[in-house]
Structures are given as structure tokens and as C-alpha cells.
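One structure is given below, encoded as C-alpha cells.
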Amino acid sequence: MLTNEWVIIATERAKRPEDFQKMEPGKPPLPEFSARCPFCPGNEAQTPPATYTIERNGKWQVRAVPNKFAALQKDIPFQPKRLGRFLKATGYGIAEVIIEAPLHNLTLATMDDESVEDVVKAYKLRYLSVAKEKQICFINLFRNHGLRAGTSLEHPHSQLIATPVIPPHVRNPIEQAVRYYDTHGRCIYCEMLAEEMRRKERVIAETDYFIAYAPYASRTPFEVRIMPKKHQASFADIEGAETSDFAGFLKKNLARIYKGLNNPDYNFIIRSAPVGDEKAKYFHWYMLIIPKLTNPAGFEMGTGIYINVTYPEQCAEFLKDINI
Ligand SMILES: [Zn+2]
Ligand SMILES: [Zn+2]
């Protein structure tokens, strides 16, 4: 309803959650330190100077640094220009890497709660700082884990990319949410959440502040959505007890995927309202974790319709039962 998109749940080729566990080869163990890794302690000179660090006992725990190989640059103003029927613009934007831990072989699913909380704090503070830049409209926080998810750097890290435009992929669901709010006077995400909590069949876990569930008709197997229970349009508005609660909950849900599916590659994104709309009543921030277990192919490219070979309800049941 929110995206207007269709998903085919292919019952003839339906796979049971256990089948995915067997298919995943897992990953070879990594060393705690790699001399060639630009993110390992001792190699700080290989990255631009940090924009933010969290230190403990004189050593950094989390380091945010400008992305050395950024697709967008901070020091050129955004200037769109018509080119006949086409539009072109300078590549303005902000791209940062958030190095999540000094140890090369950790990942959020295997870190202690305190370290994950440091990472979440860094996300929030970098978000708030970047949001102050005049031309920035939208901030995407994300993590690519593993080759299939688009990263070749093993060292645990997340990314922030901020753009001077709101892309259609983001704008379209926002427009649906605005329309819903105009008609019903309520946030569509709050309504969906209430329904998920009433039905329970896709709910994986919950805390006082957050809920994790397998979205209705998800596009790919084992998608997990984490949302604040109270209405909140921007991730950067989490504070106090919510921050540690979110960090612990994120870690637990990533650990379910790590353990239950053999440490698969995955992406996660944190989707917040556009910059300036942090207090919007129509939008509700969320995090989406997408394990890379299948490859979208010609049909998906040709139609935008995804074929999912699992039932989200079964995935929720499976993840709920993982012993973490
Ligand atoms: Zn490293
Ligand atoms: Zn809401």
C-alpha cells in the first residue's frame, strides 16, 4: 500500500528458512589486525583526518572519516545546469566512513553492547553535524557487509552519504505517506506498526521502544525492519534510554541473522525523513536489514516486481527462535 509495488511470493519454489542456512558457506575467520588495512590502528594516516572519534583509555573505539574515494565531494557547490533536454549537476555531497571498532575481525553482531552503542552515537552525531550543511537535503546511513553487499573492505565500517537532492526512490513513498496523512490524519507507519503488533505473525522481537518484524510481502528473504514504537520521523531524534535500547536491539537482530543464516552478506539502511522534516507527522523512521541471499535478475529488472521464495511469516518465526 505504501510503495504501490507488487511482490510475487513464489509458492511452487518456496524454500524453508532452514534451506538458506544450508546454502550459506559462511566466511573464513579474519585476523584481529591486518597491516594492509587502512582502517586498522596504526594506519590512521591512510585515511583523511577524523571528523569524529570516540576514545577509551587513550585509544579510539570509533572513528568517522571522510571517504577517500567518495563519489560526491564536499568542496564544490551544487549547481544543476540544463543541457538541452538533459540536466547535469556538479557532484556535491558528503561521504563519510564510520569505522566501528579498532579490531579488524569484529562485526556489529559480535561486538559488545557498549561498542555498538558507540557506533549508534557516532551515526547520530555525524548525522546532526552533516544536516547543518546548507545544501544537504537527505542523509543516508548504511552498512554493506560482505562482497555481495558491495564492500571489499573487511574492517567493520558503516557509511554516511548526504545529497543535495531527494531521490525519487525516497520521494515516492514519502508522497504516499503525505497523501495518507492528508486523508486520514494519521501516520501510515504508525498504523502499519499497530497492525503488525496486533497480528504478531511477522513480529520477531520487541523492546519498550522498538519492534523488529519481517515486512509484509518483503521483496527478498529475511528482510528485517526495525522501527521505533512511538512516532518519530528522524533517527537523529533518538535520545537517552532509546539510544542504548536501539543499540542492544540492533545487535541482537543482527546476531539472529549472523547465527541463523551463517553470517551472510547483508546491507542495512536507516531511512529518516528528509533534512528539515525531522518533526514531520507523516513520516516515521526505520531501519531495513536486507540479507543478500538471492540475486535479482531479468524479471526484477524488467518489472520492478520481485519474486520472493520465502514467506515473511516463516522467516519471522525462524529468526524469533534463534538462540542469541
Ligand atoms: Zn582493519
Ligand atoms: Zn508514525
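Quick note: the coordinates plus some simple rules give every number you see, no bench work behind them. Treat the numbers as computed from the prediction; the structure is a model and nothing was measured. Cβ placement follows ideal geometry from the backbone for every residue including glycine, while neighbour counts extend to all protein chains displayed.
Label the range 44-137 by shape, choosing from rounded, prolate and oblate, from the square roots a ≥ b ≥ c of the eigenvalues of the Cα gyration tensor; if a/c is under 1.5 it is rounded, and otherwise prolate applies when a/b is larger than b/c, oblate when it is not.
Since a/c reaches 1.5 and a/b is larger than b/c, the shape of the range 44-137 is classed as prolate.
Between Leu30 and Trp6, 0.36 nm times their residue separation minus their Cα-Cα distance comes to what?
My answer for the length gained is 4.7 nm.
Rg over Rh of the range 183-324, using C-alpha atoms and the Kirkwood radius, what does it come to?
0.97
Given axes a ≥ b ≥ c from the Cα gyration tensor, I'd like to know whether the chain is rounded (a/c under 1.5), prolate (a/b larger than b/c) or oblate.
Rounded shape, in that the Cα axes give a/c under 1.5.
Count charges around Ile139 for me, please; just the other residues with Cβ under 15 Å from its Cβ, Lys/Arg as +1, Asp/Glu as -1.
In short, +3.
Take the Cβ-Cβ distance between Glu206 and Arg186 as r, set R0 to 35 Å, and report the resulting FRET efficiency rounded to the nearest 0.05.
According to the calculation, E is roughly 0.95.
Provide, as a two-decimal number, the C-alpha radius of gyration of the range 1-103 over 2.2 N^0.38 Å, N being how many residues it has.
With N residues counted in the range 1-103, Rg over 2.2 N^0.38 Å equals 1.73.
Do the alpha carbons of any pairs in Lys68/Lys252; Lys15/Lys259; Lys22/Lys121; Lys229/Lys292; Lys74/Lys124 sit beyond 29 Å of each other, and which pairs?
Exceeds cut-off: Lys68/Lys252; Lys22/Lys121.
Cut-off 10 angstrom, C-alpha nodes, Gaussian network model of the chain. Which of Glu117, Glu191, Glu96 fluctuates the most?
Among Glu117, Glu191, Glu96, the largest GNM mean-square fluctuation belongs to Glu191.
Could you give the radius of gyration (one decimal) and Dmax (whole number) of the Cα atoms in the range 126-256, in Å?
16.3, 47
For the range 169-211, which trypsin sites (Lys or Arg not before Pro) are in a loop by DSSP, counting at most 15 other Cβ atoms within 10 Å?
Arg186, Lys200
I need the shape label for the range 148-212. Rule: rounded when a/c is under 1.5, else prolate if a/b > b/c, else oblate, with a, b, c from the alpha carbon gyration tensor.
oblate
Along the three principal axes, how long is the range 109-194 when you take its alpha carbons, biggest first, rounded to the nearest angstrom?
On the principal axes, the range 109-194 reaches 47, 35, 28 Å in Cα extent.
When the chain is treated as a GNM, springs tying every alpha-carbon pair under 10 Å, which of Pro77, Pro215, Pro164 comes out with the largest mean-square fluctuation?
Between Pro77, Pro215, Pro164, it is Pro77 that shows the largest mean-square fluctuation.
Summing +1 for each Lys or Arg and -1 for each Asp or Glu, what net charge is found among the other residues whose Cβ lies under 15 Å from the Cβ of Ile94?
Here the charged neighbours net out to +2.
Compute the distance from the alpha-carbon center of the range 123-166 to that of the range 259-324, in whole Å.
What the calculation gives is 17 Å, centre to centre.
Quick query: amide H of Asn140 versus all other amide H atoms, modeled in the peptide plane; which residues come in under 5 Å with a sequence gap of 5 or more or a different chain?
Those qualifying (amide H under 5 Å, at least 5 residues apart or on another chain) are Ile161, Ala162, Thr163.
Apply 1/(1 + (r/R0)^6) to the Cβ-Cβ distance of Lys74 and Asn172, taking R0 = 35 Å, and write down the FRET efficiency to the nearest 0.05.
For R0 = 35 Å, the calculated efficiency reads 0.80.
Show me, for the range 111-116, the HN-Hα J-couplings you get by feeding each phi into the Karplus relation (A = 6.51, B = -1.76, C = 1.60, θ = phi - 60°), rounded to Hz, glycine and proline as x.
With the stated coefficients, the range 111-116 comes to 7, 7, 4, 4, 5, 5 Hz.
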